[in-house]
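J.: Before I ask anything, let me first share the structure, which is written out below as structure tokens.
The values are calculated or read from the model by the stated rules, or taken from the named source; none is laboratory data. Only a predicted model underlies this, so the values are computations on that prediction, with no experimental measurement involved. As a convention, Cβ positions derive from the backbone with ideal geometry for all residues, glycine included, and neighbour counts pool all protein chains shown.
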Amino acid sequence: MAYYDVIAKGYNELHRGEQLNKLSIIKENIKINKNTKILDVGCGTGISSGFECFVAGIDPSIGLLRQNKNGKKILGAAESLPFKANSFDYVISVTAIHSFKNIRKSMEEMKRVGKGNFVFSILKKSGKFGYIKKMIEEKFRIWKAVEEGKDTIFFCRAKSLE
Ligand SMILES: C[S@@+](CC[C@H](N)C(=O)[O-])C[C@H]1O[C@@H](n2cnc3c(N)ncnc32)[C@H](O)[C@@H]1O
């Protein structure tokens with residue numbers, strides 16, 4: 001069984017507080033209205049999907065997705081997003097990218113399905129932090145980086161929009 005399915009039952013109890021703090025920082029920094037469409041990649045139990053607009057969440061862990069009450073849930077992986085290009089106003093990924101099997105392919109997929117605005121919250125202690133940051137810089141323009149307890153939250157725009 002995959003790691004996140006093993007810990008699924010205790011996930012919210014362990015992580016809800018810290019993930020809600022990241023969500024509130026994201027909400028303070030992006031503009032949404034009731035027509036905004038958000039994709040949450042690696043949405044897990046949906047803590048990071050708590051926006052007052054349409055949210056689709058995708059995650060490979062059935063155990064976490066079963067607890068997800070926020071928005072439309074899709075069982076799947078970041079490396080192959082089942083959406084057309086330019087489908088979402090915001091593509092976000094909260095404390096998840098370090099878990100993706102193919103980070104480069106996942107970043108390309110997130111860029112493809114987004115219209116131009118992206119938020120990536122990256123676990124600072126991950127050994128892949130430097131690699132992920134480099135890849136974000138390669139593909140996006142970071143307009144703000146917020147240091148949160150365990151994560152750095154990067155607010156980005158597609159370079160093609162500049
Ligand atoms: C620390 S959890 C974060 C969950 C959620 N974003 C939150 O803030 O609570 C990391 C998530 O990444 C998901 N994940 C792992 N590999 C993935 C992949 N290849 N594509 C999408 N999500 C993946 C896990 O199943 C897990 O839900």
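J.: When you scan segment 64-110, how many residues do you find that are among the hydrophobic types (A, V, I, L, M, F, W, C), free of Cβ contacts under 8 Å to residues at least 24 places away in the same chain and either within 8 Å of the ligand (Cβ to nearest atom) or within 23 Å of Ser126 (Cβ to Cβ) (or both)?
T.: 1
J.: Separate question: Return a yes/no flag: does segment 29-42 have any residue that is under 17 Å from Cys156 (Cβ atoms), more than 12 Å from the ligand (Cβ to nearest atom), among the hydroxyl-bearing types (Ser, Thr, Tyr) and in contact (Cβ under 8 Å) with a residue 60 or more places away in the chain.
T.: no
J.: (1) crowded, with 16+ Cβ neighbours inside 10 Å; (2) free of Cβ contacts under 8 Å to residues at least 40 places away in the same chain; (3) not in a strand (DSSP E or B): which one isn't true of Ala56, the others all being true?
T.: Among (1) crowded, with 16+ Cβ neighbours inside 10 Å; (2) free of Cβ contacts under 8 Å to residues at least 40 places away in the same chain; (3) not in a strand (DSSP E or B), Ala56 violates only (3).
J.: Which of the residues that make up segment 111-126 are within 14 Å of the ligand (Cβ to nearest atom) and either at pLDDT below 95 or farther than 16 Å from Phe155 by Cβ (or both)?
T.: Passing the criteria: Val113, Leu123, Lys124, Lys125, Ser126.
J.: List the residue pairs whose Cβ atoms are under 9 Å apart, where the first residue sits in segment 1-22 and is under 13 Å from Gly44 (Cβ atoms), the second is more than 8 Å from the ligand (Cβ to nearest atom) and of a type in the set (D, E, K, R), and the two are 6 or more positions apart or on different chains.
T.: Final answer for the pair search is Ala8/Arg66; Glu18/Glu148; Glu18/Lys150; Glu18/Asp151; Lys22/Glu148; Lys22/Lys150; Lys22/Asp151.
J.: Here is a further query. Name the residues in segment 30-44 that are in contact with a Phe, Trp or Tyr (Cβ under 9 Å, 6 or more places away or on another chain) and surrounded by 13 or more Cβ atoms within 10 Å (Cβ to Cβ), would you?
T.: Once the filter is applied, which keeps residues that are in contact with a Phe, Trp or Tyr (Cβ under 9 Å, 6 or more places away or on another chain) and surrounded by 13 or more Cβ atoms within 10 Å (Cβ to Cβ), segment 30-44 yields Ile30, Ile32, Thr36, Lys37, Ile38, Leu39, Asp40, Val41, Gly42, Gly44.
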